[in-house]
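First the structure, in the form of structure tokens, and then the observations on it.
The values are calculated or read from the model by the stated rules, or taken from the named source; none is laboratory data. Keep in mind the model is a prediction, meaning the values are calculated, not measured. Heads up, the Cβs are rebuilt from the backbone with ideal geometry, glycines too, and the neighbour counts pull from every protein chain shown. What goes into the accessible areas is simple: the full protein's heavy atoms, side chains included, and nothing from ligands, DNA or RNA. Shrake-Rupley method; radii C 1.70, N 1.55, O 1.52, S 1.80 Å.
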Amino acid sequence: MCLTPKFSVPILSFLLLFLVLPLIVTGESSSIHEVLHDHGLPAGLFPQSVKSFNLDQTGRLEVNLDRPCLAQYETTVFFDSVVRANLSYGQLKVLEGMSREELFLWLPVKDIIVTDPCSGLILIDIGLAYKHLSVSRFEDPPICRSQGLSLQIGGRKGIGFQDQR
């Protein structure tokens with residue numbers, strides 16, 4: 001007499017899926033701030049108002065915000081409602097949708113790079129110059145505000161944006 005269990009393949013597949021699915025869902029539900037941290041970047045490079053993001057297998061990152069807004073770091077930073085970049089370890093390259101105020105001018109941020117994590121510095125490439133800033137300025141995601149956006153951005157896409165939230 002043989003005493004082998006009578007589990008069928010569908011039941012075993014269901015049990016396996018039941019055990020593995022929570023691990024898959026947890027991996028997909030990570031926040032943009034966790035993804036940045038996992039890629040050697042500070043979590044506060046994007047504001048709290050990120051509503052969704054997509055990172056494909058090539059490293060192309062697309063971050064969707066509730067609306068265009070301004071955040072305060074060392075200077076004021078403008079975030080468009082969609083920000084795109086190529087993400088690799090310690091780098092956000094070929095950024096689109098982010099600008100920094102420098103001497104009353106709005107300059108597009110092109111790259112953000114942590115060249116040496118031990119130095120505690122992050123490099124911000126604004127095209128005309130490089131800025132070396134402390135990584136500690138970017139630890140926490142800032143609050144992004146839209147009030148007064150049209151007055152501050154002037155000639156940018158945000159002109160006429162009147163959301164007072």
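Please work out which residue is farthest from Ser136 (Cα to Cα), limiting yourself to the stretch 50-76 and to residues that are assigned to a loop (DSSP other than H, G, I, E, B) and of a type in the set (Ser, Thr, Tyr). My answer is Thr58. Of all residues in the stretch 31-49, those that are open to solvent by 30 Å² or more (accessible area, probe 1.4 Å), in a helix (DSSP H, G or I) and within 19 Å of Val109 (Cβ to Cβ) total 1. With respect to (1) modelled with pLDDT under 90; (2) β-branched (Val, Ile, Thr); (3) on the phi > 0 side of the Ramachandran plot, the lone exception for Thr115 is condition (3).
Among the conditions (1) open to solvent by less than 70 Å² (accessible area, probe 1.4 Å); (2) among the charged types (D, E, K, R); (3) more than 14 Å from the chain's Cα centre (by Cα), Glu74 misses just one, which is (1).
The set of residues in the stretch 81-116 that are open to solvent by 20 Å² or more (accessible area, probe 1.4 Å) and of a type in the set (D, E, K, R) comprises Arg84, Lys93, Glu96, Glu101, Glu102, Lys110, Asp111, Asp116.
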